[in-house]
Structure formats: C-alpha cells, structure tokens
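Quick notes on the structure that follows.
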Amino acid sequence: MKSTIVALPLIAMLGSGDAWAQDIQPRPAEPARLAAESLLLDIERAGQRYVAVGERGHVLLSSDGVSWEQAESVPVRSTLTRVEFSGGRLWAVGHDSVIIHSRDLGRNWVLQHFDPEAEKPLLDVHFFDANNGIAIGAYGLYMRTQNAGEDWDSLDMADLVTSENIDWEAIAAAEADDSTMDDDLFGEDALLDRGCYEFMECHLNAFLDNERGTWLIAAERGYGFRSTDGGINWESFRFPYPGSMFGLLQIDREIVAFGLRGHVQTSRDAGRQWVELDNPLASTLKGGSVDPQGRALMVGAGAAQLIYDPDTRDFELQEDRLGSTYAAVIFSEDGKKILVGEDGVSHE
C-alpha cells in the first residue's frame, strides 16, 4: 500500500510527473534555448560557480548568478530535484531514482543510478565528504554510498527505524478536538490512522546533518526521523504540526523545519523537542537558506520570502500571491539572493 503522492512538493510542482517515466533506458538531456526560464528546483554553489538543476535533466551553470549556460553533457532527461557539492565533486538526484555525478564542477555528468520502474523519486542528497553520502526520497527510500557513488545501497526506512518517540494518546486527544483538525489535509480518522507511517512509506523530503552528531529527516504528514549514531539506527517522531515538512535549516544551535501552508517549527535541542511558531504566511514553503545576517530565509508559493530571526523569533514576509513559486534560494558572496523556481532563475 502506498501513501498519497500529493504531499510530495516537487511532484506537485510538476503535475503528474515526467513524460519519460516509462523509459527503460535514460536519455541525454537536450539543449533548450530557454532552459534558464524553465522550472528549476535547486541551486548550489560549487567553488566559484553556481549550479542549478530542474526539469528535463536541465543543469545550468553560472559564474555570477546572472548569465547562465547549459552543461555540456547530462545523461538523463529525468527531472532533477536536488544538487549537492562536496569534496570538489557534484551530485544531483531526481525522478526515476536518478543520481548523476560531475567531477568538473558541473560541465559534464555521468550516470550513477537509474531505476524508473521503482517509481520512487529522490528528493534530497547529502555528502559528508567526497566519498560518503546518502540520498532520500519517496515511499521511505534511503540510499547510501561509501565510494563517491560508484555503488549505491538501496534501503527502506522501515529497516532503519529501531525506536519510536511518538505520543499516540496525545494525537488521539488532538483528533478528538475538532478545532485542531484541518479538513483539507486530513480525512476522518486521519491522525489515528498512521497512514504512510504504518507501512513506513512516508516520503522523505529533506535531510540535515547538524554537524554535532545528529542527523534529521523531515518527512510527510508530520513525521520525522532522527539518528545520533551516523544513520545506523533511527528514531521516529512527530512534529507539532501534522503536515509535511519540506526543508530543514541549521542556524547556530537552532534547527528550523518548514513546509506545508507556511508552517515553521524549531528545535533548540537537536531535534528532541519542537515548537511551532506563529507567522503571517499561509502558503507552502519549499526551500531555504541562511542569510548573511544569520537568519533563515524560506521561499515558496506565491513568490513568498519569509525571514526568521532566531534571536528575536520575529518574522518578515514578502510575497506576491499572483507570483510564481520559488523552490530554492542561495546567497552570493556579496549577499545578493539568487532564486530558482517555476520561472527559472531570478536574482535580487
């Protein structure tokens, strides 16, 4: 039994999925004259270069964040959802469980993994150094490598969770209180019915290494996972808000989780306890970054830009409800924002 796909933010932006999902073999991305104006889902800095990825296997490169060109060689047309730079190398992941790798700062890429028949998009990737990394995705997919991606082990979250920190009695009490229910998100008995969690097939949306010994995964329907032993064992937990979280940020010793309908939740004890913060945004947040002032900038639907100050716990909001959706943001050396999303690249 699979959980619903509507909670998957990147697929939601794309509609029903890739036109190439039925391909048995990957096909190279084709040059597109307006690629810089097409859907882009992530951006990363690789040395002195910016790398953005998105639909149809598009990989774009820029030295200044303003002028962009396409990579010379990309072996897939699958939509790419995340890109990661570590140890002088790049990896990008996406639909069809695809993983591609570049050793020349994004100009040329090789295929490391491709499995369209699994129908499990990869949604995030993180490398701890040039060799050790993980990728996570839909329906509890958890992949890991110890040799820079030459080999990937495919695992299920169900096989990694060894403990649970969920107060089901409190969840039942919340469900009994009609004022806490969100009819658009949850049907009858949705909270007591563990949904994706019962089958451990929740979409794994975002990964964070707090660099102090804790790894966190934000998942759908308010679930999360936490490890303190390098991913050998995972503990499941629930965020205060029972909706999907799509991003995680570390600001000094505070962790910020953000996602559906603009909800922002924070933890100051490495993810053991979470507090939901009131803010003026009601639209979904999809990506974020820490700005030069040490604040969290989160972006999303309706051209939303939500700034959270961890010192004051205040928020600043800029949005255009008729504007396009931002998927990710990064800051240049001079502090300028480079945003990617539904309409490609923009900068401020």
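Condition first: closer than 24 Å to Asp124 by Cβ and in contact with a helix residue (DSSP H, G or I) (Cβ under 7 Å, 6 or more places away or on another chain). Now tell me which residues in region 307-326 satisfy that.
Pass one, region 307-326, residues closer than 24 Å to Asp124 by Cβ: 307-308, 310, 324-326.
If the condition is that a residue be closer than 24 Å to Asp124 by Cβ and in contact with a helix residue (DSSP H, G or I) (Cβ under 7 Å, 6 or more places away or on another chain), then Ser324, Thr325, Tyr326 are the ones that fit.
With the structure loaded, tell me whether Gly287 is crowded, with 20+ Cβ neighbours inside 10 Å, assigned to a loop (DSSP other than H, G, I, E, B) and under 19 Å from the mean Cα position of the chain (by Cα) or whether it fails that test.
Considered against the rule, which asks whether it is crowded, with 20+ Cβ neighbours inside 10 Å, assigned to a loop (DSSP other than H, G, I, E, B) and under 19 Å from the mean Cα position of the chain (by Cα), Gly287 comes out as no.
Looking at this structure, is Phe225 within 27 Å of Gly137 (Cβ to Cβ) and in a strand (DSSP E or B)? If you could, list the steps in order and put the result at the bottom.
Details: within 27 Å of Gly137 (Cβ to Cβ): yes; in a strand (DSSP E or B): yes.
Yes; evaluated as a whole, the condition is true for this residue.
Which condition number does Thr266 fail, the rest of (1) in contact with an Asp or Glu (Cβ under 6 Å, 6 or more places away or on another chain); (2) in a strand (DSSP E or B); (3) surrounded by fewer than 20 Cβ atoms within 10 Å (Cβ to Cβ) being met?
Of everything listed in (1) in contact with an Asp or Glu (Cβ under 6 Å, 6 or more places away or on another chain); (2) in a strand (DSSP E or B); (3) surrounded by fewer than 20 Cβ atoms within 10 Å (Cβ to Cβ), Thr266 misses just condition (3).
Any residue at all in region 25-38 that is assigned to a loop (DSSP other than H, G, I, E, B), at pLDDT 95 or above and surrounded by fewer than 24 Cβ atoms within 10 Å (Cβ to Cβ)?
There is no residue in region 25-38 that is assigned to a loop (DSSP other than H, G, I, E, B), at pLDDT 95 or above and surrounded by fewer than 24 Cβ atoms within 10 Å (Cβ to Cβ).
With respect to Pro280, is the statement that it is modelled with pLDDT under 95 and within 20 Å of Pro310 (Cα to Cα) true?
Details: modelled with pLDDT under 95: no; within 20 Å of Pro310 (Cα to Cα): yes.
Here the answer is no, as Pro280 does not meet what is asked.
Test of understanding: among Leu122, Leu155, which residue is closer than 19 Å to Cys202 by Cα, hydrophobic (A, V, I, L, M, F, W, C), in the same structural domain as Gly54 (by TED's automatic domain parsing) and surrounded by fewer than 18 Cβ atoms within 10 Å (Cβ to Cβ)?
It is Leu155.
So is Gly222 without any contact (Cβ under 8 Å) to a residue 60 or more places away in the chain, touching a Ser or Thr at 6+ places or on another chain (Cβ under 9 Å), closer than 19 Å to Glu201 by Cβ and among the small types (Gly, Ala, Ser) or not?
yes
Inspect all residues belonging to region 101-117 and state whether any of them is under 18 Å from the mean Cα position of the chain (by Cα), under 30 Å from Arg221 (Cα atoms) and either among the charged types (D, E, K, R) or not in a loop (DSSP other than H, G, I, E, B) (or both).
No, there is no match, as no residue in region 101-117 is under 18 Å from the mean Cα position of the chain (by Cα), under 30 Å from Arg221 (Cα atoms) and either among the charged types (D, E, K, R) or not in a loop (DSSP other than H, G, I, E, B) (or both).
Against the condition surrounded by fewer than 22 Cβ atoms within 10 Å (Cβ to Cβ), outside the structural domain of Val340 (by TED's automatic domain parsing), of a type in the set (A, V, I, L, M, F, W, C) and in contact (Cβ under 8 Å) with a residue 24 or more places away in the chain, how does Ala282 come out, does it pass?
no
What's the number of the only condition in (1) in contact (Cβ under 8 Å) with a residue 24 or more places away in the chain; (2) under 23 Å from Glu84 (Cβ atoms); (3) under 21 Å from the mean Cα position of the chain (by Cα) that Lys336 fails to meet?
(3)
Is there a residue in region 81-90 that is farther than 17 Å from Ile330 by Cα, free of Cβ contacts under 8 Å to residues at least 40 places away in the same chain and not acidic (Asp, Glu)?
No, region 81-90 has no match at all.
The values are calculated or read from the model by the stated rules, or taken from the named source; none is laboratory data. Predicted model only: the values in this text are computed from it and were never measured. Positions of Cβ are backbone-derived with ideal geometry, glycine not excepted, and every protein chain shown enters the neighbour counts.
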